[in-house]
Amino acid sequence: MDSISVIGGNQLNGTIPISGAKNCALKLMCAALLTQEEMHFENSPNSLRDMDSQTELLEYLGCKISRDKSLMSINAGNIQTYTAPYDIVRKMRGSILVLGPLLARFGEAKVSMPGGCAIGTRPVDLHIKGLEEMGASIILEEGYINATAPKGGLQGTKIIFPKVSVGATENLMMAATLAKGETVLVNSAKEPEIIDLGECLIKMGAKISGLGSETIRIEGVKALSGVRHSVVPDRIEAGTYIIAAGMTGGTLRLQNARVEHLSAPLGLLSQSGIEVEQEGNDIIVHREIGRLQAIDVMTEPYPGFPTDLQAQFMAMLTLAEGAGMVTETIFENRFMHVPELNRMGADITVQGNSAIVRGVGRLHGAEVMATDLRASVALVLAGLVAEGETIINRIYHLERGYEDIVGKLGNVGANIKRVGG
Ligand code: UD1
(Lines give C-alpha, C1' and ligand atoms only; values in the text may rest on other atoms or scores of the structure.)
Protein backbone atom coordinates (compact mmCIF):
# COMPACT_ATOMS: atom_id res chain seq x y z
CA MET A 1 0.00 0.00 0.00
CA ASP A 2 1.34 3.46 -0.84
CA SER A 3 2.53 5.90 1.82
CA ILE A 4 3.67 9.51 1.96
CA SER A 5 7.10 10.41 3.31
CA VAL A 6 7.70 13.91 4.71
CA ILE A 7 10.99 15.21 6.04
CA GLY A 8 10.25 18.18 8.26
CA GLY A 9 11.96 21.52 8.62
CA ASN A 10 11.42 23.30 5.29
CA GLN A 11 9.66 26.66 5.00
CA LEU A 12 6.86 26.88 2.45
CA ASN A 13 7.11 29.64 -0.18
CA GLY A 14 5.30 29.96 -3.49
CA THR A 15 1.90 29.44 -5.06
CA ILE A 16 -0.68 26.70 -4.52
CA PRO A 17 -3.78 26.55 -6.74
CA ILE A 18 -6.88 25.77 -4.68
CA SER A 19 -9.25 23.24 -6.23
CA GLY A 20 -13.03 23.36 -6.49
CA ALA A 21 -14.70 22.17 -3.28
CA LYS A 22 -15.13 18.41 -3.18
CA ASN A 23 -18.04 18.76 -0.77
CA CYS A 24 -19.83 20.92 -3.32
CA ALA A 25 -18.86 19.12 -6.53
CA LEU A 26 -20.18 15.81 -5.16
CA LYS A 27 -23.60 17.40 -4.57
CA LEU A 28 -23.64 19.25 -7.89
CA MET A 29 -23.11 15.88 -9.59
CA CYS A 30 -26.27 14.64 -7.84
CA ALA A 31 -28.13 17.77 -8.94
CA ALA A 32 -27.44 16.66 -12.52
CA LEU A 33 -29.88 13.80 -11.86
CA LEU A 34 -32.68 16.36 -11.63
CA THR A 35 -32.63 17.16 -15.34
CA GLN A 36 -32.59 15.27 -18.60
CA GLU A 37 -30.39 17.97 -20.13
CA GLU A 38 -26.60 18.04 -19.97
CA MET A 39 -24.86 19.81 -17.07
CA HIS A 40 -21.33 21.27 -17.24
CA PHE A 41 -19.30 21.89 -14.10
CA GLU A 42 -16.18 24.05 -14.33
CA ASN A 43 -13.50 24.07 -11.60
CA SER A 44 -14.34 20.46 -10.66
CA PRO A 45 -11.66 18.86 -8.51
CA ASN A 46 -9.73 16.28 -10.54
CA SER A 47 -8.14 13.05 -9.39
CA LEU A 48 -10.03 12.69 -6.11
CA ARG A 49 -11.23 9.25 -5.11
CA ASP A 50 -14.55 10.65 -3.86
CA MET A 51 -15.19 12.21 -7.28
CA ASP A 52 -14.31 8.87 -8.90
CA SER A 53 -16.74 7.04 -6.59
CA GLN A 54 -19.53 9.49 -7.38
CA THR A 55 -18.76 9.14 -11.11
CA GLU A 56 -18.93 5.36 -10.79
CA LEU A 57 -22.29 5.63 -9.05
CA LEU A 58 -23.83 8.04 -11.57
CA GLU A 59 -22.55 5.96 -14.49
CA TYR A 60 -24.07 2.88 -12.87
CA LEU A 61 -27.40 4.74 -12.76
CA GLY A 62 -27.05 5.44 -16.50
CA CYS A 63 -25.50 8.92 -16.66
CA LYS A 64 -23.04 9.77 -19.43
CA ILE A 65 -20.07 11.57 -17.87
CA SER A 66 -17.04 13.13 -19.49
CA ARG A 67 -14.13 14.96 -17.90
CA ASP A 68 -11.68 17.33 -19.53
CA LYS A 69 -9.27 18.52 -16.83
CA SER A 70 -11.45 20.54 -14.46
CA LEU A 71 -14.55 20.50 -16.67
CA MET A 72 -17.03 17.75 -15.92
CA SER A 73 -20.11 17.16 -18.07
CA ILE A 74 -22.99 14.95 -16.96
CA ASN A 75 -26.00 13.83 -18.94
CA ALA A 76 -28.74 12.11 -16.96
CA GLY A 77 -31.12 11.93 -19.94
CA ASN A 78 -31.16 8.15 -20.01
CA ILE A 79 -31.29 6.77 -16.47
CA GLN A 80 -31.41 2.95 -16.39
CA THR A 81 -31.92 2.14 -12.72
CA TYR A 82 -32.95 3.91 -9.52
CA THR A 83 -30.79 1.67 -7.33
CA ALA A 84 -27.54 2.88 -5.76
CA PRO A 85 -25.78 -0.37 -4.77
CA TYR A 86 -23.86 -1.07 -1.57
CA ASP A 87 -20.56 -1.76 -3.32
CA ILE A 88 -20.32 1.81 -4.60
CA VAL A 89 -22.17 3.70 -1.87
CA ARG A 90 -20.15 2.18 0.99
CA LYS A 91 -17.04 4.03 -0.20
CA MET A 92 -18.44 7.45 0.41
CA ARG A 93 -21.17 9.09 2.40
CA GLY A 94 -21.75 11.82 -0.22
CA SER A 95 -23.53 9.19 -2.33
CA ILE A 96 -26.65 9.41 -0.12
CA LEU A 97 -27.29 12.67 -1.99
CA VAL A 98 -28.66 10.76 -5.00
CA LEU A 99 -31.69 9.83 -2.90
CA GLY A 100 -33.57 13.15 -3.05
CA PRO A 101 -32.98 13.85 -6.77
CA LEU A 102 -33.89 10.29 -7.90
CA LEU A 103 -37.04 10.27 -5.82
CA ALA A 104 -38.08 13.75 -6.96
CA ARG A 105 -37.57 13.09 -10.69
CA PHE A 106 -38.52 9.42 -11.00
CA GLY A 107 -40.72 8.82 -7.93
CA GLU A 108 -38.55 5.92 -6.86
CA ALA A 109 -35.12 5.28 -5.35
CA LYS A 110 -33.29 2.46 -3.63
CA VAL A 111 -30.08 3.60 -1.97
CA SER A 112 -27.72 1.61 0.22
CA MET A 113 -26.99 3.08 3.65
CA PRO A 114 -23.73 5.01 3.17
CA GLY A 115 -20.14 4.57 4.41
CA GLY A 116 -17.42 7.24 4.33
CA CYS A 117 -15.07 8.42 7.07
CA ALA A 118 -15.23 6.54 10.36
CA ILE A 119 -15.81 9.67 12.43
CA GLY A 120 -18.95 8.74 14.29
CA THR A 121 -22.25 6.99 13.78
CA ARG A 122 -23.37 9.52 11.13
CA PRO A 123 -27.00 8.49 10.72
CA VAL A 124 -29.22 9.59 7.81
CA ASP A 125 -32.47 9.81 9.80
CA LEU A 126 -32.95 13.51 9.01
CA HIS A 127 -32.79 12.84 5.26
CA ILE A 128 -35.34 10.02 5.58
CA LYS A 129 -37.70 11.85 7.93
CA GLY A 130 -37.75 14.93 5.69
CA LEU A 131 -38.61 12.89 2.60
CA GLU A 132 -41.36 11.10 4.55
CA GLU A 133 -42.78 14.49 5.51
CA MET A 134 -42.89 15.25 1.79
CA GLY A 135 -45.12 12.21 1.36
CA ALA A 136 -42.56 9.52 0.47
CA SER A 137 -43.02 6.03 1.76
CA ILE A 138 -39.70 4.68 3.01
CA ILE A 139 -38.84 1.14 4.02
CA LEU A 140 -35.43 0.21 5.43
CA GLU A 141 -34.58 -3.32 4.37
CA GLU A 142 -31.33 -5.29 4.22
CA GLY A 143 -29.20 -2.15 4.47
CA TYR A 144 -31.13 -0.32 1.76
CA ILE A 145 -33.39 2.72 1.87
CA ASN A 146 -36.37 1.89 -0.39
CA ALA A 147 -38.22 5.10 -1.16
CA THR A 148 -41.36 5.70 -3.22
CA ALA A 149 -43.01 9.06 -3.85
CA PRO A 150 -46.81 9.42 -3.73
CA LYS A 151 -48.69 9.19 -7.04
CA GLY A 152 -48.61 12.87 -7.95
CA GLY A 153 -44.96 13.24 -6.79
CA LEU A 154 -43.37 14.63 -3.63
CA GLN A 155 -45.42 17.28 -1.82
CA GLY A 156 -44.00 20.58 -0.57
CA THR A 157 -44.28 21.02 3.20
CA LYS A 158 -42.61 22.67 6.18
CA ILE A 159 -39.67 20.65 7.51
CA ILE A 160 -38.07 21.65 10.80
CA PHE A 161 -34.64 20.07 11.27
CA PRO A 162 -34.04 19.19 14.94
CA LYS A 163 -30.31 19.47 14.25
CA VAL A 164 -28.34 21.37 11.59
CA SER A 165 -27.25 18.95 8.87
CA VAL A 166 -25.37 19.84 5.69
CA GLY A 167 -26.35 16.68 3.83
CA ALA A 168 -30.01 16.66 4.89
CA THR A 169 -30.42 20.32 3.89
CA GLU A 170 -28.92 19.55 0.46
CA ASN A 171 -30.89 16.36 -0.15
CA LEU A 172 -34.21 17.96 0.75
CA MET A 173 -33.47 21.19 -1.10
CA MET A 174 -32.80 19.18 -4.27
CA ALA A 175 -35.88 16.98 -3.76
CA ALA A 176 -38.07 20.06 -3.21
CA THR A 177 -37.11 21.65 -6.54
CA LEU A 178 -39.38 19.19 -8.38
CA ALA A 179 -42.05 18.74 -5.64
CA LYS A 180 -45.61 20.07 -5.77
CA GLY A 181 -45.97 23.46 -4.06
CA GLU A 182 -43.73 25.13 -1.51
CA THR A 183 -41.22 23.44 0.80
CA VAL A 184 -39.84 25.41 3.74
CA LEU A 185 -36.65 24.09 5.35
CA VAL A 186 -36.27 25.47 8.88
CA ASN A 187 -32.95 25.29 10.78
CA SER A 188 -31.09 24.69 7.51
CA ALA A 189 -27.32 24.53 7.21
CA LYS A 190 -25.65 27.66 5.76
CA GLU A 191 -22.35 26.39 4.32
CA PRO A 192 -20.95 28.13 1.20
CA GLU A 193 -21.22 24.76 -0.58
CA ILE A 194 -25.00 24.75 0.05
CA ILE A 195 -25.31 28.29 -1.29
CA ASP A 196 -23.33 27.25 -4.38
CA LEU A 197 -25.54 24.21 -4.93
CA GLY A 198 -28.64 26.39 -4.49
CA GLU A 199 -27.32 28.95 -6.97
CA CYS A 200 -26.73 26.21 -9.53
CA LEU A 201 -30.27 24.90 -8.99
CA ILE A 202 -31.63 28.44 -9.48
CA LYS A 203 -29.75 28.67 -12.80
CA MET A 204 -31.38 25.36 -13.75
CA GLY A 205 -34.80 26.95 -13.18
CA ALA A 206 -35.48 26.12 -9.52
CA LYS A 207 -37.30 28.69 -7.39
CA ILE A 208 -35.28 29.00 -4.19
CA SER A 209 -34.96 31.85 -1.69
CA GLY A 210 -33.23 32.25 1.67
CA LEU A 211 -29.94 30.53 0.74
CA GLY A 212 -27.36 31.12 3.49
CA SER A 213 -30.07 31.79 6.08
CA GLU A 214 -31.80 29.45 8.53
CA THR A 215 -34.93 29.22 6.42
CA ILE A 216 -34.77 28.11 2.81
CA ARG A 217 -37.96 28.26 0.71
CA ILE A 218 -38.33 26.21 -2.45
CA GLU A 219 -41.29 26.48 -4.81
CA GLY A 220 -41.44 23.29 -6.87
CA VAL A 221 -41.29 23.47 -10.68
CA LYS A 222 -42.19 20.89 -13.35
CA ALA A 223 -38.71 20.44 -14.86
CA LEU A 224 -35.17 21.80 -14.67
CA SER A 225 -32.72 22.60 -17.48
CA GLY A 226 -29.05 21.83 -18.07
CA VAL A 227 -26.62 24.69 -17.30
CA ARG A 228 -22.93 25.53 -16.89
CA HIS A 229 -21.74 26.20 -13.36
CA SER A 230 -18.37 26.80 -11.69
CA VAL A 231 -17.69 24.96 -8.41
CA VAL A 232 -16.98 27.19 -5.39
CA PRO A 233 -13.31 27.03 -4.19
CA ASP A 234 -12.48 24.51 -1.47
CA ARG A 235 -12.32 26.48 1.78
CA ILE A 236 -11.10 23.46 3.74
CA GLU A 237 -8.21 22.88 1.36
CA ALA A 238 -7.33 26.60 1.56
CA GLY A 239 -7.59 26.55 5.37
CA THR A 240 -5.31 23.51 5.50
CA TYR A 241 -2.56 25.24 3.50
CA ILE A 242 -2.94 28.44 5.54
CA ILE A 243 -2.27 26.39 8.67
CA ALA A 244 0.64 24.65 6.92
CA ALA A 245 2.32 27.99 6.15
CA GLY A 246 1.61 29.18 9.70
CA MET A 247 3.38 26.14 11.09
CA THR A 248 6.41 26.13 8.79
CA GLY A 249 6.84 29.87 8.25
CA GLY A 250 7.08 31.39 4.78
CA THR A 251 4.75 33.06 2.31
CA LEU A 252 2.10 31.25 0.28
CA ARG A 253 -0.22 32.54 -2.40
CA LEU A 254 -3.37 30.40 -2.51
CA GLN A 255 -4.87 30.88 -5.93
CA ASN A 256 -8.65 31.07 -6.18
CA ALA A 257 -9.58 31.07 -2.50
CA ARG A 258 -11.95 33.25 -0.50
CA VAL A 259 -11.29 34.71 2.95
CA GLU A 260 -15.00 35.37 3.49
CA HIS A 261 -15.62 31.62 3.66
CA LEU A 262 -13.04 31.24 6.41
CA SER A 263 -14.01 34.02 8.83
CA ALA A 264 -14.14 31.91 12.00
CA PRO A 265 -10.86 30.02 11.47
CA LEU A 266 -9.02 33.11 10.24
CA GLY A 267 -10.15 35.05 13.33
CA LEU A 268 -8.60 32.39 15.56
CA LEU A 269 -5.50 31.96 13.42
CA SER A 270 -4.88 35.69 13.58
CA GLN A 271 -5.04 35.58 17.41
CA SER A 272 -2.56 32.75 17.22
CA GLY A 273 -0.19 34.77 15.02
CA ILE A 274 -1.05 33.82 11.41
CA GLU A 275 -2.16 36.73 9.24
CA VAL A 276 -3.74 36.44 5.80
CA GLU A 277 -5.04 38.89 3.24
CA GLN A 278 -7.17 38.65 0.11
CA GLU A 279 -5.48 39.87 -3.08
CA GLY A 280 -7.92 39.67 -5.98
CA ASN A 281 -8.96 36.02 -6.18
CA ASP A 282 -6.04 34.83 -4.07
CA ILE A 283 -5.29 34.53 -0.37
CA ILE A 284 -1.79 35.47 0.77
CA VAL A 285 -0.53 33.96 4.01
CA HIS A 286 2.73 35.07 5.54
CA ARG A 287 4.39 33.91 8.72
CA GLU A 288 7.83 34.55 10.20
CA ILE A 289 9.40 31.61 11.95
CA GLY A 290 8.62 31.59 15.68
CA ARG A 291 6.13 29.99 18.03
CA LEU A 292 2.42 30.56 17.54
CA GLN A 293 0.17 31.25 20.52
CA ALA A 294 -2.09 28.47 21.79
CA ILE A 295 -5.79 29.19 21.58
CA ASP A 296 -9.08 27.40 22.33
CA VAL A 297 -11.38 26.28 19.54
CA MET A 298 -14.83 24.74 19.35
CA THR A 299 -16.31 23.31 16.16
CA GLU A 300 -19.78 24.49 15.16
CA PRO A 301 -22.03 24.53 12.10
CA TYR A 302 -21.13 27.25 9.57
CA PRO A 303 -20.38 30.14 10.08
CA GLY A 304 -18.67 28.68 13.18
CA PHE A 305 -15.31 26.91 13.13
CA PRO A 306 -15.52 23.92 10.70
CA THR A 307 -15.09 20.41 12.07
CA ASP A 308 -13.21 19.68 8.83
CA LEU A 309 -10.35 21.96 10.02
CA GLN A 310 -10.26 20.70 13.61
CA ALA A 311 -7.53 18.08 13.14
CA GLN A 312 -5.30 20.51 11.22
CA PHE A 313 -5.78 23.16 13.90
CA MET A 314 -4.82 20.62 16.54
CA ALA A 315 -1.64 19.76 14.64
CA MET A 316 -0.77 23.46 14.75
CA LEU A 317 -1.45 23.68 18.52
CA THR A 318 0.99 20.85 19.26
CA LEU A 319 3.87 23.29 18.75
CA ALA A 320 2.23 26.50 20.00
CA GLU A 321 3.19 28.43 23.13
CA GLY A 322 0.90 27.41 26.01
CA ALA A 323 -2.13 25.10 26.07
CA GLY A 324 -5.28 25.16 23.93
CA MET A 325 -8.54 23.30 24.30
CA VAL A 326 -10.18 21.78 21.22
CA THR A 327 -13.87 20.92 21.59
CA GLU A 328 -15.60 18.87 18.89
CA THR A 329 -19.37 19.34 18.85
CA ILE A 330 -20.29 17.95 15.40
CA PHE A 331 -18.93 14.39 15.33
CA GLU A 332 -18.48 12.26 18.43
CA ASN A 333 -15.47 10.27 17.26
CA ARG A 334 -13.23 12.78 15.61
CA PHE A 335 -10.02 12.59 17.64
CA MET A 336 -8.42 9.65 15.86
CA HIS A 337 -5.42 11.82 15.01
CA VAL A 338 -4.61 12.31 18.72
CA PRO A 339 -2.75 9.06 19.45
CA GLU A 340 -0.80 9.44 16.20
CA LEU A 341 0.19 13.05 16.98
CA ASN A 342 1.22 11.93 20.47
CA ARG A 343 3.46 9.29 18.89
CA MET A 344 5.22 12.17 17.16
CA GLY A 345 5.90 13.81 20.54
CA ALA A 346 2.76 15.92 20.98
CA ASP A 347 1.17 16.30 24.43
CA ILE A 348 -2.59 15.89 23.97
CA THR A 349 -5.11 14.58 26.48
CA VAL A 350 -8.69 13.78 25.46
CA GLN A 351 -11.59 14.15 27.88
CA GLY A 352 -14.95 13.37 26.30
CA ASN A 353 -15.44 15.67 23.34
CA SER A 354 -12.58 17.99 24.34
CA ALA A 355 -8.83 17.70 24.01
CA ILE A 356 -6.18 19.70 25.84
CA VAL A 357 -3.17 20.34 23.65
CA ARG A 358 -0.08 21.46 25.52
CA GLY A 359 2.48 22.97 23.16
CA VAL A 360 5.81 21.15 23.03
CA GLY A 361 9.18 22.42 21.79
CA ARG A 362 9.39 19.99 18.89
CA LEU A 363 7.82 16.98 17.20
CA HIS A 364 9.78 14.05 15.85
CA GLY A 365 9.07 12.00 12.75
CA ALA A 366 7.36 8.61 13.14
CA GLU A 367 5.42 6.07 11.13
CA VAL A 368 1.76 6.98 11.51
CA MET A 369 -1.62 6.29 9.95
CA ALA A 370 -5.09 7.71 10.14
CA THR A 371 -8.56 6.47 9.41
CA ASP A 372 -10.19 9.64 8.17
CA LEU A 373 -9.50 12.32 5.63
CA ARG A 374 -8.81 15.35 7.81
CA ALA A 375 -6.92 13.33 10.42
CA SER A 376 -4.58 12.15 7.67
CA VAL A 377 -3.83 15.66 6.50
CA ALA A 378 -3.17 16.74 10.10
CA LEU A 379 -0.40 14.13 10.18
CA VAL A 380 1.08 15.54 6.97
CA LEU A 381 1.11 19.01 8.60
CA ALA A 382 2.81 17.63 11.70
CA GLY A 383 5.34 15.90 9.44
CA LEU A 384 6.19 19.24 7.77
CA VAL A 385 7.56 20.57 11.08
CA ALA A 386 8.77 17.37 12.76
CA GLU A 387 12.44 16.49 13.05
CA GLY A 388 13.35 13.68 10.68
CA GLU A 389 11.08 11.55 8.53
CA THR A 390 7.37 10.97 9.00
CA ILE A 391 5.74 8.16 7.04
CA ILE A 392 1.98 8.49 6.67
CA ASN A 393 0.33 5.17 5.88
CA ARG A 394 -3.18 4.52 4.56
CA ILE A 395 -3.10 7.53 2.27
CA TYR A 396 -6.29 6.22 0.72
CA HIS A 397 -8.27 8.67 2.86
CA LEU A 398 -6.03 11.59 1.92
CA GLU A 399 -6.61 10.87 -1.75
CA ARG A 400 -10.35 11.02 -1.22
CA GLY A 401 -10.26 14.76 -0.64
CA TYR A 402 -6.91 16.48 -1.33
CA GLU A 403 -6.08 16.94 -4.98
CA ASP A 404 -2.35 16.29 -5.65
CA ILE A 405 -1.26 17.16 -2.12
CA VAL A 406 2.23 15.81 -2.69
CA GLY A 407 2.70 17.91 -5.85
CA LYS A 408 1.17 21.03 -4.34
CA LEU A 409 3.30 20.94 -1.16
CA GLY A 410 6.40 19.77 -3.03
CA ASN A 411 6.17 22.73 -5.42
CA VAL A 412 6.35 25.22 -2.54
CA GLY A 413 9.38 23.68 -0.88
CA ALA A 414 8.18 20.76 1.25
CA ASN A 415 10.35 17.66 1.28
CA ILE A 416 7.51 15.27 0.54
CA LYS A 417 7.12 12.25 -1.70
CA ARG A 418 4.88 9.31 -2.33
CA VAL A 419 6.41 5.91 -1.75
CA GLY A 420 5.13 2.55 -2.99
CA GLY A 421 4.64 -0.13 -0.38
C1 UD1 B 1 -20.79 17.19 5.58
C2 UD1 B 1 -19.41 17.13 4.97
C3 UD1 B 1 -18.36 16.81 6.02
C4 UD1 B 1 -18.48 17.79 7.19
C5 UD1 B 1 -19.90 17.84 7.71
C6 UD1 B 1 -20.11 18.90 8.78
C7 UD1 B 1 -19.81 16.33 2.73
C8 UD1 B 1 -19.67 15.21 1.75
N9 UD1 B 1 -19.38 16.09 3.95
O10 UD1 B 1 -21.07 15.88 6.08
O11 UD1 B 1 -17.08 16.91 5.42
O12 UD1 B 1 -17.61 17.37 8.22
O13 UD1 B 1 -20.81 18.14 6.63
O14 UD1 B 1 -19.71 20.14 8.33
O15 UD1 B 1 -20.28 17.40 2.41
N16 UD1 B 1 -26.82 13.85 11.54
C17 UD1 B 1 -27.86 13.16 12.07
N18 UD1 B 1 -28.83 12.68 11.21
C19 UD1 B 1 -28.77 12.88 9.87
C20 UD1 B 1 -27.70 13.62 9.33
C21 UD1 B 1 -26.73 14.11 10.19
O22 UD1 B 1 -27.94 12.95 13.28
O23 UD1 B 1 -29.67 12.41 9.16
C24 UD1 B 1 -25.76 14.38 12.44
C25 UD1 B 1 -24.38 13.83 12.12
O26 UD1 B 1 -24.16 12.57 12.73
C27 UD1 B 1 -23.49 14.92 12.69
C28 UD1 B 1 -24.28 16.20 12.42
O29 UD1 B 1 -25.64 15.77 12.23
O30 UD1 B 1 -23.34 14.76 14.08
C31 UD1 B 1 -23.85 17.01 11.22
O32 UD1 B 1 -23.75 16.14 10.10
P33 UD1 B 1 -23.98 16.67 8.62
O34 UD1 B 1 -23.94 18.16 8.63
O35 UD1 B 1 -25.18 16.00 8.06
O36 UD1 B 1 -22.68 16.14 7.90
P37 UD1 B 1 -22.58 15.49 6.47
O38 UD1 B 1 -23.52 16.15 5.52
O39 UD1 B 1 -22.58 14.02 6.59
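The values are calculated or read from the model by the stated rules, or taken from the named source; none is laboratory data. Predicted model, so just to flag it, every value in this text is computed and none were measured. Please note: Cβ atoms are built from the backbone with ideal geometry, for glycine as well, and neighbour counts cover all protein chains shown. Side chains are part of the model used for accessible areas, which takes the heavy atoms of the whole protein and leaves out ligands, DNA and RNA. Shrake-Rupley method; radii C 1.70, N 1.55, O 1.52, S 1.80 Å.
For this structure, a couple of remarks:
- The stretch 130-139, residues that are free of Cβ contacts under 8 Å to residues at least 24 places away in the same chain and either within 19 Å of Leu97 (Cβ to Cβ) or not hydroxyl-bearing (Ser, Thr, Tyr) (or both): Glu132, Gly135, Ile138, Ile139
- Among the residues making up the stretch 129-147, those that are more than 17 Å from Thr177 (Cα to Cα) and not small (Gly, Ala, Ser) are Lys129, Ile138, Ile139, Leu140, Glu141, Glu142, Tyr144, Ile145, Asn146.
- Scan the stretch 178-200 for residues that are away from the ligand (no atom under 16 Å from the Cβ) and touching a residue at least 60 places away in the same chain (Cβ under 8 Å) and the total you get is 2.
- Within the stretch 47-87, considering residues that are in contact (Cβ under 8 Å) with a residue 60 or more places away in the chain and part of a loop (DSSP other than H, G, I, E, B), the one nearest to the ligand (Cβ to nearest atom): Leu48
- Within the stretch 371-402, being more than 15 Å from the ligand (Cβ to nearest atom), modelled with pLDDT of 95 or more and crowded, with 20+ Cβ neighbours inside 10 Å holds for Leu379, Val380, Leu381, Ala382, Gly383, Leu384, Val385, Ala386, Thr390, Ile392.
- Single condition Tyr86 does not satisfy, out of (1) modelled with pLDDT of 95 or more; (2) farther than 27 Å from Ile405 by Cβ: (1)
Okay, residues lined up against (1) closer than 12 Å to Gly94 by Cα; (2) in the same structural domain as Ala84 (by TED's automatic domain parsing); (3) open to solvent by 10 Å² or more (accessible area, probe 1.4 Å); (4) touching an Asp or Glu at 6+ places or on another chain (Cβ under 7 Å):
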| residue | (1), (2), (3), (4) |
| --- | --- |
| Ile7 | no, no, yes, yes |
| Thr15 | no, no, yes, no |
| Lys27 | yes, yes, yes, yes |
| Cys30 | yes, yes, no, no |
| Leu33 | no, yes, no, no |
| Glu38 | no, yes, yes, no |
| Asp50 | yes, yes, no, no |
| Thr55 | yes, yes, yes, no |
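- Boolean, Gly205 is more than 15 Å from the ligand (Cβ to nearest atom) and modelled with pLDDT of 95 or more: yes
For every residue, the table says whether it meets (1) within 13 Å of Leu379 (Cβ to Cβ); (2) touching a residue at least 24 places away in the same chain (Cβ under 8 Å); (3) within 16 Å of the ligand (Cβ to nearest atom); (4) not basic (Lys, Arg).
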site	(1), (2), (3), (4)
Met325	no, yes, no, yes
Thr329	no, yes, yes, yes
Arg334	no, yes, yes, no
His337	yes, yes, yes, yes
Gly352	no, no, yes, yes
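Conditions (1) part of a strand (DSSP E or B); (2) assigned by TED's automatic domain parsing to the domain that holds Ala315; (3) crowded, with 23+ Cβ neighbours inside 10 Å, marked per residue:
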position: Leu252; (1), (2), (3): yes, yes, yes
position: Ala257; (1), (2), (3): no, yes, yes
position: Glu260; (1), (2), (3): no, yes, no
position: Ala264; (1), (2), (3): no, yes, no
position: Val285; (1), (2), (3): yes, yes, yes
